[in-house]
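Novice: Just dropping this structure here.
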């Protein structure tokens, strides 16, 4: 996964056609191309660093909250965690667990055995 993040993003622009250009214009064009290429490389590196930071945060959360994540997977349908929970951090995991516990308490009445119906003596006569 990290290989795809760090792989080289080469310049995909088509090479420019050679024209009759004075040496001053050629230097200016090369200077502008070099500046734009360096800006592009800098932005690419910044994006890579940001994505690695996000991955590090997710992996840290996975290590710290392994037990809670396992419980949350057991509570969720299809054993899948809702999207974005891990990237939001520990607080979001705790909140999701609390929501499931609250729903479980509210549904406890529906999960109980039904009461037996008493037959009145009026119906027998």
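The values are calculated or read from the model by the stated rules, or taken from the named source; none is laboratory data. Quantities reported herein were computed from a predicted structural model and do not represent experimental measurements. Every residue, glycine as well, gets a Cβ built from its backbone with ideal geometry; the counts of neighbours run over all protein chains shown.
Novice: Sort out for me the helices (runs of 4 or more DSSP H) sitting completely within region 67-118 that have 3 or more residues that are more than 18 Å from residue 57 (Cβ to Cβ).
Specialist: Per the criteria, 90-106, 108-111.
Novice: Among the residues of region 31-76, write down those that are under 19 Å from the mean Cα position of the chain (by Cα) and within 20 Å of residue 104 (Cα to Cα).
Specialist: Scanning region 31-76 gives 68, 69, 70, 72, 73, 76.
Novice: Taking only pairs six or more apart or across chains, which ones have beta-carbon atoms under 7 Å, a first residue in region 86-101 that is at positive phi, and a second residue that is in a helix (DSSP H, G or I)?
Specialist: So the pair list comes out as 89/61.
Novice: Any residue in region 5-17 that is within 17 Å of the chain's Cα centre (by Cα) and at pLDDT below 90?
Specialist: Taking every residue of region 5-17 in turn, at least one turns out to be within 17 Å of the chain's Cα centre (by Cα) and at pLDDT below 90.
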